[in-house]
Amino acid sequence: MAKKKLNIGMVGYGFMGRAHSNAFSQVSNFFQLQHEPVLKAACARDQGKLKAFADQWGYESTESDWRKLVERKDIDVIDIAASNDMHLEIAIAAAEAGKIVMCEKPLGRNAAESAKMVAAVEKAKVPNMVWYNYRRVPAVTLAKQLIDEGKLGKIFHYRAKFLQDWTISADLPQGGQGLWRLDVNVAGSGVTGDLLAHCIDTAMWLNGGIDKVIGLTETFIKEREHNLTGKKEPVGIDDASLFLARFSNGSLANFEATRYARGHKALYTLEINGEKASIMWDLHDLHRLQYFDHRDEGRTRGWRSIHVTDGDHPYMAKWWVPGLQIGYEHSFIHQVADFIEGLETGKPAAPTFREAMATDVVTDAVLKSARTGQWENISA
Ligand SMILES: NC(=O)c1ccc[n+]([C@@H]2O[C@H](COP(=O)([O-])OP(=O)(O)OC[C@H]3O[C@@H](n4cnc5c(N)ncnc54)[C@H](O)[C@@H]3O)[C@@H](O)[C@H]2O)c1
């Protein structure tokens, strides 16, 4: 049977523009779905770079203005892979135009922006999803299955870190292409919205809602030259962000993200300790899940390093043969596959805009708490 076309309009050709384009291109080769994504149009402002991107990935056309893209009748999905300052306006316009909307994380620069985006997609009743891709790393999905089956028992602790080291130099400018993450007006926040958002999304997915947080942030370099003005300007982002949390299930947590951990490039780790078992996961070894089960016979009890590559592991039957691992890019392919399946079954893939807004509520609370020094309650 011929597959139905799902015409993609991609905004942004950077890191995520590539990750998403790859996912849309690959998904039909590995997942049996009724819809097939078509790379219909790519949009960005720099026409030279956009043309090169469109040719490389096989986009049929380009647009220099995202408004034109949103107006096009031949586009079904607007995929927002642009910097955080663009999410709000594009998502609302896309929803009003009746498009399916996919958006990169964090959904908004703060929860107030996210709430407007949630209202727009819900009013227009258009399918929507935020790209929290780490949920779809098979080892992380396996962790979710084990927790939901009760294998860990009552959960006492959740621990997550996301460590990088790329902004330590005081000579690094802020703002403009490639460095928008250092400009608070574009990014919304620093590592809290950029890195901790991933940790919080995974944590609430695995361990449920967060009741309260207390945070601590630091901006180590106070002024940086701004690429767009050429002047030294104050740095408004948090370079490092740590917080303690209490989850609704009574477990205690600590989270840390920084771009000042010399030697670490993208070390996202998480650990969960339950009454009966514990799990650990590490992005640098993403196809493994470490598992300790206290119910094992004492003499051979120990941490198991599960190579999550067998046919009965999440998503893995779709790939090669048992024992052959997959990588980072596959998490995006899985997310597209689940999203399309959600369109076909009517059971939306998570996280929807509304579900992803919960992360922005927590990151806002962490930043507020870091300013006030007080615990912040998370409202439902
Ligand atoms: N899910 C993840 O793991 C993950 C990883 C990296 C980034 N992200 C998120 O993805 C988004 C993009 O990040 P990135 O790393 O790809 O950034 P990037 O700097 O590599 O690319 C940003 C893109 O936005 C485009 N853009 C900016 N303003 C635009 C406008 N007015 N019209 C059209 N295009 C515009 C730029 O042309 C560029 O192609 C951000 O929201 C970021 O937080 C998510």
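Close contacts from segment 180-195, counting a first residue that is near the ligand (Cβ under 9 Å from one of its atoms) and a second that is aromatic (Phe, Trp, Tyr), with Cβ to Cβ under 9 Å and a gap of 6+ residues or different chains, come to Val186/Trp180; Ala187/Trp180; Asp194/Phe162.
If the condition is being of a type in the set (A, V, I, L, M, F, W, C) and farther than 25 Å from His87 by Cα, then segment 164-191 contributes Ile168, Ala170, Leu172. Has segment 296-306 got at least one residue that is in a loop (DSSP other than H, G, I, E, B), in contact with a Ser or Thr (Cβ under 7 Å, 6 or more places away or on another chain), surrounded by fewer than 19 Cβ atoms within 10 Å (Cβ to Cβ) and of a type outside the set (Lys, Arg)? Among the residues of segment 296-306, not one is in a loop (DSSP other than H, G, I, E, B), in contact with a Ser or Thr (Cβ under 7 Å, 6 or more places away or on another chain), surrounded by fewer than 19 Cβ atoms within 10 Å (Cβ to Cβ) and of a type outside the set (Lys, Arg), which makes the answer no.
When Gly12 is tested against (1) more than 24 Å from the chain's Cα centre (by Cα); (2) within 16 Å of the ligand (Cβ to nearest atom); (3) on the phi > 0 side of the Ramachandran plot, only condition (1) is not met.
Residues in segment 134-177 that are farther than 30 Å from Gln325 by Cβ, surrounded by fewer than 22 Cβ atoms within 10 Å (Cβ to Cβ) and within 16 Å of the ligand (Cβ to nearest atom): Leu172, Pro173, Gly175, Gly176, Gln177.
Close contacts from segment 132-143, counting a first residue that is under 13 Å from Thr309 (Cβ atoms) and a second that is part of a helix (DSSP H, G or I), with Cβ to Cβ under 6 Å and a gap of 6+ residues or different chains, come to Val137/Ser331; Pro138/Met316.
Just name the residue that is farthest from Phe15 (Cα to Cα) out of those in segment 51-71 that are among the charged types (D, E, K, R) and surrounded by fewer than 18 Cβ atoms within 10 Å (Cβ to Cβ). My answer is Glu71.
Here Ile100 fulfils each of the conditions (1) under 25 Å from Glu355 (Cβ atoms); (2) within 11 Å of the ligand (Cβ to nearest atom); (3) crowded, with 20+ Cβ neighbours inside 10 Å apart from (2).
Scanning segment 310-329 for residues that are part of a loop (DSSP other than H, G, I, E, B) and free of Cβ contacts under 8 Å to residues at least 40 places away in the same chain turns up Asp310, Gly311, Asp312, Trp320, Val321, Pro322, Gly323, Leu324, Gln325. Of all residues in segment 48-78, those that are under 23 Å from Leu179 (Cβ atoms), within 11 Å of the ligand (Cβ to nearest atom) and either of a type outside the set (A, V, I, L, M, F, W, C) or more than 25 Å from the chain's Cα centre (by Cα) (or both) total 2. Considering segment 178-259, the qualifying strands (runs of 3 or more DSSP E), each wholly inside and each with 3 or more residues that are surrounded by 15 or more Cβ atoms within 10 Å (Cβ to Cβ), run over 210-218, 240-247, 252-258.
Among the residues in segment 30-44, are any within 11 Å of the ligand (Cβ to nearest atom), surrounded by fewer than 21 Cβ atoms within 10 Å (Cβ to Cβ) and outside the structural domain of Phe353 (by TED's automatic domain parsing)?
Among the residues of segment 30-44, not one is within 11 Å of the ligand (Cβ to nearest atom), surrounded by fewer than 21 Cβ atoms within 10 Å (Cβ to Cβ) and outside the structural domain of Phe353 (by TED's automatic domain parsing), which makes the answer no.
Evaluation of Tyr268 against the conditions (1) within 24 Å of Val366 (Cα to Cα); (2) in contact with a Pro (Cβ under 7 Å, 6 or more places away or on another chain) shows that the sole unmet condition is (2).
The values are calculated or read from the model by the stated rules, or taken from the named source; none is laboratory data. The structure displayed is predicted, hence computed values, not measured ones. Cβ atoms come from the backbone with ideal geometry, glycine included; neighbour counts cover every protein chain shown.
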